[in-house]
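The values are calculated or read from the model by the stated rules, or taken from the named source; none is laboratory data. Just so we're clear, the structure is a prediction, and the values are computed from it rather than from any experiment. FYI the Cβ positions are ideal-geometry reconstructions off the backbone, even for glycines, and counts take in every protein chain you see. Note: areas computed on protein heavy atoms with side chains; ligands, DNA, RNA excluded. Shrake-Rupley method; radii C 1.70, N 1.55, O 1.52, S 1.80 Å.
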Amino acid sequence: MGSNTWDEAAKSMEGADVTAFSTGPVVLEHGAIEQIIPYLKSSRYESVVIAADSITWEAGFGSKIQQWITAAGIKVGHVWIRPNDQGDVIADEASVVQLTIELKIKSAEAVIALGSGTLHDIARFAAFTTGIPFISVPTAPSVDGFNSKGAPLILRGEKKTIAAIGPDAIFADLDILTKAPAAMVAAGFGDMLGKYTSLFDWKFGSIYANEPYSERIAEMTRAALQQCVEQVDQIAARTPEGIRLLMGALLESGFAMLLFGQSHPASGAEHHLSHHWEMEFLRTGKRQLLHGAKVGVACAEIAKLYRQLANEGKLKSITPMHSEILTEIDRIPDEKEIRRLLTIVGGPAAIGELGVEDELFRRSLLEAHLIRPNRNTLLKAWNESDKGELK
């Protein structure tokens, strides 16, 4: 099914395998990568580069795609992004510069991002910097940022989201996605669960600080989240239909951010905790955790905190609109339900399972809001109030 407008693209992807996206398609089906060559030829590209790492190259059939592109008479090169000293591929200055230089050397007219979230962040910013488009080929349903315009980068050890570009086309192949590691599927589910608290924080910001808000886009995100929760068993079993539902929801969340123009629908205090933990792990030389795994656990912790603030009557000291805020908090499941869902899909459900120590967790509750100081979450409002200590 195709569509030609952003309003149509914003509709639920249920039952839709091809949705219009910017100037090119979004294809979510078995064999989707077979449509890459016709797309490249119709776009009249003469030279492209595939950006991957050693793992995503194999997972995403990198050699096969490269052979197809060559056979089509299009010049193609590939760049494997090098890992850091801990063995992690990081969206940092070194990775961005590595890819940017290679795109220039190879005179690339487009870059194909073959990987999951980190590879996409590197590719989207390198493409933006060199003034060329990028094409998305996800290798795991692990994040909702495939069709984002923002690039979360690590710059001098700090997490910064930089405006860049979205992909000109997405080819999400279920033959690839259903083979993704169970931990990455669980991470994608965790990223979607994070919408429980991000949607609350977005509404809170509109009430508390008059931030822009769209009920239509909020409902679009909420519907994608609810679909994942209702089909959690299929997602946990990694059935083709479960993976299609999860990937469709992740793309729908990405569309919501694009339509709104900012990440409010999908990123709140739970993401700020995740970013804080990521920066600390980098600073101390620890191996990185999957983004969605952190977000899912952080969602449970933020749900616990927000419900505690409500139950202990602390909202009155934060905002005079506390009764309206209470209504919105009631829409967030309690932490036990969030942890139960995370356990079903086989992901971590508590900070101890992530390896986040208690001291780091306590510090992140006090400091994480500083990562996005212009984002008015309840976590930020609580920290800036005369809050006292929670039990």
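Annotations for the structure displayed:
- Gyration tensor (alpha-carbon) shape descriptor, region 104-240, a/c threshold 1.5: oblate
- Mean ellipticity per residue at 222 nm, deg cm²/dmol - from DSSP H runs of n ≥ 4 across the chain, formula -39500 (n - 2.57): -15500 deg cm²/dmol
- Area of Glu241 that stays accessible when all protein chains are in place (1.4 Å probe, Å², to 10): 80 Å²
- Computed 3J(HN,Hα) for region 294-308, one whole-Hz value per residue from the Karplus formula 6.51 cos²θ - 1.76 cosθ + 1.60 where θ = phi - 60°, is 5, 5, x, 5, 4, 4, 4, 5, 5, 4, 4, 5, 5, 5, 5, glycine and proline marked x.
- Taken per residue, the accessible surface of the chain reaches 40 Å², heavy atoms only and a 1.4 Å probe.
- Residues Glu102, Glu278, sorted by accessible area with the largest first, give Glu102, Glu278 [1.4 Å probe; ligands and nucleic acids excluded].
- Ser107-Glu46 pseudo-label distance in nm [points 7 Å out on the Cα-to-Cβ vector]: 0.7 nm
- Translational diffusion coefficient (Stokes-Einstein; Kirkwood radius from C-alpha pairs) of region 287-362 at 25 °C, 0.890 mPa s, in µm²/s: 181 µm²/s
- When Glu219, Glu270 are compared by accessible surface with a 1.4 Å probe, the order from highest to lowest is Glu219, Glu270.
- Three-way shape label, region 178-319, alpha-carbon gyration tensor, a/c 1.5: oblate
- Residue order by solvent-accessible surface for Arg216, Arg363, Arg156, Arg244 is Arg156, Arg216, Arg363, Arg244, largest first, with ligands and nucleic acids left out and a 1.4 Å probe.
- Residues whose amide H comes within less than 5 Å of that of Lys159, counting only those at least five positions distant or on another chain, are absent (H built at 1.01 Å from N in the peptide plane).
- Largest-first principal axis extents, alpha carbons of region 48-97, Å: 37, 22, 11
- The chain: antiparallel DSSP beta bridges as a percent of all, rounded to 5: 30 percent
- Helix 195-209 axis, angle to the chain major axis (alpha carbon atoms, nearest 10°): 60 degrees
- For the residue pairs Lys41/Lys106; Lys75/Lys104; Lys104/Lys160; Lys159/Lys294; Lys160/Lys314; Lys203/Lys304, the alpha carbons lie more than 22 Å apart in Lys104/Lys160; Lys160/Lys314.
- For region 247-320, a/c is not less than 1.5, where a ≥ b ≥ c are the root eigenvalues of the C-alpha gyration tensor, and a/b does not top b/c. That puts it in the oblate class.
- The per residue volume of the convex hull around the alpha-carbon atoms of the chain is 121 Å³.
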